[in-house]
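The values are calculated or read from the model by the stated rules, or taken from the named source; none is laboratory data. Because the structure is a prediction, the values reported are computed rather than measured. Every residue, glycine among them, receives a Cβ derived from its backbone with ideal geometry; neighbour counts consider all protein chains shown.
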Amino acid sequence: MKKRILALLLCALTLVGVSACGEESSSEGSTADPTSEEVSTDGGDASKDETSKEKNPEDYVDKDGYQQFLKVSKVDSLLAERGFKDQGENSDYVPLNYNKMKAMWISQYDFQKVYCNGNAQRDEKSFRELVAKAYKNLVNLGFNTVIVQVRPNADSFYPSAYYPYSHYVVGRYGKNATYDPIKIMIEMAHEKNLSFHAWINPMRGMSPANLSSVNTVYPAASWEADKSKTRYLYERADDGLNYLNIAYEDVRNLIIDAAGEIVRHYDVDGVHMDDYFYFGTVPAFDDIELKAAAKEDKTINRQKFRYKNLNTLVSGIYSAIKAENKNVLFGISPAGNLNSMATTYYADVKTWLSQDGYLDYIMPQIYFGMEHGTWSFSDTYERWSAITTNPNIMFTAGMSFGKAMMGYDGTGDENAGAGKDEWIKNKDVFKKCFEYSVKQPNYDGFAIFCYQYLWDPITGRANVKTALELNNCKKYFTDVIKGEPIKYN
């Protein structure tokens, strides 16, 4: 306790002379005045940040990141305790990754009740017990990797200088965490020889109402309050959420810097991005920005414009990760329908998969059965495989037990054409998909969506709706597909 108080006093001395934070939100959920912030006695290790205490602020490589850390550490004692590392200070960590990935996606929905008990963060002891139970299930079935959601809505599951704590972790926006759940999950994963990949949503944010509860020391909340930056965020009519407009460099840099922050401060083995890119044409999202770009480039259209923005973001994240630790992997999991990449998501996947500097692995969401009328598992695999021409990129197949759940309930896949009832009539669809995929020359593993489709996150008991389908393909998890740790120089 004395050590933590001493660390906070030292941090406070460092803050002298630094300009004051942005205005506090007047919402009930907003963060309290920094002077009245109670010192947390949970989590963090103040002794780890000796380097930041000795450095002059001008000596930092990441000067902007340090200033942002100083702002937020005023209102987040857990972040202050953790301290600030400069760029590359975690480069000596040797990641744990496998040449055949056998991964489980753990979404915010899977672990919502694991992180929180009611509307408050679960006590640390209980949290550790539930994580241990989940990891035991995964290891017993042969998994070697977890892909854990850490940023679903421009928020954070760990103390961050860039994003506020997520309501999935602390119960509601505007509250602080009492301990760092991601640090615990990483440590416990490595104890079980599980590789840990931090999963982020790049562009999807929270609702304007939730954002109003967030302290304006965080960039997105400050943009909401700044009339000159109202174009940085766009509220979708269909889901009521803000989306980050990556036509702006400030917005891209927020996503990029926060990805680097994860690798800098945590022993993650990979950073993982899913398919929340653009969302259809929706001209209002970036019409103004497109028109401005057209004044300089008469040939530009919406596809070229969005390709450029998203390519800049993806390559920027890749570079930020490698600047922190060259061996940490960066992967993306796009939606399976390859045709939608160009017209819905505006993701230039052919560039990503043919050139260096974008990805280490691709994980298309091949959430289809073998009898799907237009996007069967095998056809979809082959289409994605054909454009993955860079030999340095691992090819992993994303698979979901969601259709098996539907089949158990007697619900067919309405988009599958002649294969509509495949998951109802058969309980070996996964087995057939594995039989096909393991024979492919570029097969580097799989990921399963998601934990709660196989087990109850609280009780740990098997999900009866997928038990038979899982049992029929179990040998591929435990025996057929072998993964060996990747050796790094």
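One line per residue, one yes/no per condition, for (1) outside any loop (DSSP other than H, G, I, E, B); (2) of a type in the set (D, E, K, R); (3) under 30 Å from ASP269 (Cα atoms); (4) without any contact (Cβ under 8 Å) to a residue 60 or more places away in the chain:
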{"site": "ALA397", "(1), (2), (3), (4)": "yes, no, yes, yes"}
{"site": "ALA447", "(1), (2), (3), (4)": "yes, no, yes, no"}
{"site": "VAL464", "(1), (2), (3), (4)": "no, no, no, yes"}
{"site": "GLY483", "(1), (2), (3), (4)": "no, no, yes, no"}
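Once region 399-446 is narrowed to residues that are within 28 Å of the chain's Cα centre (by Cα) and of a type in the set (Phe, Trp, Tyr), the residue that is surrounded by the most Cβ atoms within 10 Å (Cβ to Cβ) is PHE430.
Taking (1) within 20 Å of ASN97 (Cα to Cα); (2) touching a helix residue (DSSP H, G or I) at 6+ places or on another chain (Cβ under 9 Å) in turn, ASN392 satisfies each apart from (2).
The residues listed here are LEU211, LEU141; of these, the one that is surrounded by 19 or more Cβ atoms within 10 Å (Cβ to Cβ), of a type outside the set (Val, Ile, Thr) and at pLDDT 95 or above is LEU211.
Take the conditions (1) touching a Phe, Trp or Tyr at 6+ places or on another chain (Cβ under 8 Å); (2) of a type in the set (Asp, Glu); (3) under 20 Å from LEU359 (Cα atoms); GLU382 misses just one of them, which is (1). Among the residues making up region 184-210, those that are more than 24 Å from LYS102 (Cα to Cα), without any contact (Cβ under 8 Å) to a residue 60 or more places away in the chain and among the aliphatic types (A, V, I, L, M) are MET206, ALA209. Residues in region 97-120 that are closer than 16 Å to ASP444 by Cβ and either assigned to a loop (DSSP other than H, G, I, E, B) or among the aromatic types (Phe, Trp, Tyr) (or both): ASN97, TYR98, ASN99, LYS100. Of all the criteria given as (1) surrounded by fewer than 22 Cβ atoms within 10 Å (Cβ to Cβ); (2) assigned to a helix (DSSP H, G or I), the one not satisfied by VAL263 is (1). Restricting attention to region 217-246 and to residues that are β-branched (Val, Ile, Thr) and over 21 Å from the mean Cα position of the chain (by Cα), the residue that is nearest to ALA154 (Cα to Cα) turns out to be VAL217.
Checked against the criterion of being touching a helix residue (DSSP H, G or I) at 6+ places or on another chain (Cβ under 8 Å) and either closer than 20 Å to SER315 by Cα or in contact (Cβ under 8 Å) with a residue 60 or more places away in the chain (or both), the candidates ASP250, ASP274, ASP269 yield just one match: ASP250. Select from region 390-431 the residues that are farther than 28 Å from LEU329 by Cβ and hydroxyl-bearing (Ser, Thr, Tyr) and list them in ascending order. Once the filter is applied, which keeps residues that are farther than 28 Å from LEU329 by Cβ and hydroxyl-bearing (Ser, Thr, Tyr), region 390-431 yields TYR408, THR411.
Could you list all residues from region 410-425 that are touching a helix residue (DSSP H, G or I) at 6+ places or on another chain (Cβ under 8 Å), part of a loop (DSSP other than H, G, I, E, B) and not acidic (Asp, Glu)? Answer for region 410-425, where residues must be touching a helix residue (DSSP H, G or I) at 6+ places or on another chain (Cβ under 8 Å), part of a loop (DSSP other than H, G, I, E, B) and not acidic (Asp, Glu): GLY410, THR411, GLY412, ALA416. Just to be sure I understand, how many residues within region 339-370 are without any contact (Cβ under 8 Å) to a residue 40 or more places away in the chain, out of contact with any helix residue (DSSP H, G or I) (no Cβ under 8 Å at 6 or more places or on another chain) and part of a loop (DSSP other than H, G, I, E, B)? Counting residues in region 339-370 that are without any contact (Cβ under 8 Å) to a residue 40 or more places away in the chain, out of contact with any helix residue (DSSP H, G or I) (no Cβ under 8 Å at 6 or more places or on another chain) and part of a loop (DSSP other than H, G, I, E, B) gives 3. Yes or no: region 367-386 includes at least one residue that is surrounded by fewer than 20 Cβ atoms within 10 Å (Cβ to Cβ) and either at pLDDT below 95 or under 15 Å from PHE330 (Cβ atoms) (or both). For region 367-386, residues surrounded by fewer than 20 Cβ atoms within 10 Å (Cβ to Cβ) and either at pLDDT below 95 or under 15 Å from PHE330 (Cβ atoms) (or both): absent.
Of everything in region 278-332 that's in a loop (DSSP other than H, G, I, E, B) and among the acidic types (Asp, Glu), which residue is farthest from THR230 (Cα to Cα)?
First, pick out the residues of region 278-332 that are in a loop (DSSP other than H, G, I, E, B): 278-282, 286, 297-301, 325-328.
Checking which are among the acidic types (Asp, Glu) leaves us with 286, 297.
Values: ASP286: 12, ASP297: 25 Å.
That would be ASP297.
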